[in-house]
Amino acid sequence: MKVLIADDDPQILRALRITLIARGYDVIFARDGAEAINKAIEHKPDLYVIDLGMPRLDGIEVITAVRGWTSSPILVVSGRTDSSDKVEALDAGADDYVTKPFAVDELLARLRALSRRITGDAPATGPVLDLGHLVVDLSAKVITRSDSPGATGSADSPGSPGAHVQTVRLTPTEWKMLEILIRNQGRLVTRQTLLSEIWGTDRATDSGYLRLYMSQLRKKLELDPAHPVFLLTEAGMGYRFTHGS
C-alpha cells in the first residue's frame, strides 16, 4: 500500500520511514505542501499522512487540492490541538486527526482503520433515497442537494430547472458513517457500534470524536443543522437516521 507522508519535520519523516517500511508500506515523502501535491499527482498514493504547518502550502491547502481528484483517506498529523483546527481539516476533506506527539501504535492503528476503508465493505448495490431536498445514492456514492425542501418531481425538486442544486462531497469516513445509519434507518445505532465499525475497537470510547463527525454530516446534509430531521441524537446512547417529518 502506497502512503504519502507530507511533513517538514525531518525527525518525524525519519521515524515514520523506518516504522512504515518495516511494516510493508510503500512510502513517499514530501517536505512542503507544494512538493506534496506534485508527488500526489505523480504517485497517486492510497493513503495520505499530512501535517498542517508546512511551508509553501499548508496542510489545509494540500487537502483541498488532492480532494479535487481523489477520495483516498487522509490522516492529519499535527501539533495543533485547537478544535477549530480539527474542524477546518475535516471540512477540507480529512478523514482522521492525530495530535503530536503521538504514539506509534496509535498511528499504525489509525492507518489500518483507514486502509480497511480503501477496498470498501459496503454492498455493491444500495438504496437510492429521496429525502426531499436530498437524493442519496449509496451504491454510486452520490448525493445531490437542493436548498429548497420540495419533494422530487415538484417545482422545487432537485430535478426542476429553477432549483439550486449541488453535489454534496463526503469524505470516506463520512460516507461510512452515513451508510451505517441509513442501513439501520429507524433503529438506534449506539456510539460504540459506530466507533467500532469505523475506527476499530480501540476507539470505541471516543464519543467526542464521533460528535465532531456527526456535526460535519449535519452541516452538509441538513437544511437546518441545529435542528436536524434526518440525523438524530439519542442522548447518552447514539444516533438514529429517519426520513424526518
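Observations
- Looking only at the stretch 49-73, residues that are without any contact (Cβ under 8 Å) to a residue 40 or more places away in the chain and among the hydrophobic types (A, V, I, L, M, F, W, C) come to 7 in all.
- Checked against (1) assigned to a loop (DSSP other than H, G, I, E, B); (2) modelled with pLDDT of 90 or more, Trp69 meets all criteria but (2).
- The set of residues from the stretch 24-33 being surrounded by fewer than 17 Cβ atoms within 10 Å (Cβ to Cβ) and either farther than 14 Å from Leu13 by Cα or in contact (Cβ under 8 Å) with a residue 60 or more places away in the chain (or both) comprises just one member, Gly24.
- One residue from Thr119, Thr144, Thr125, Thr81 being on the phi < 0 side of the Ramachandran plot and modelled with pLDDT of 90 or more: Thr144
The values are calculated or read from the model by the stated rules, or taken from the named source; none is laboratory data. Predicted model only: the values in this text are computed from it and were never measured. Note that we place each Cβ from the backbone using ideal geometry, even for glycine, and neighbour counts take in every protein chain shown.
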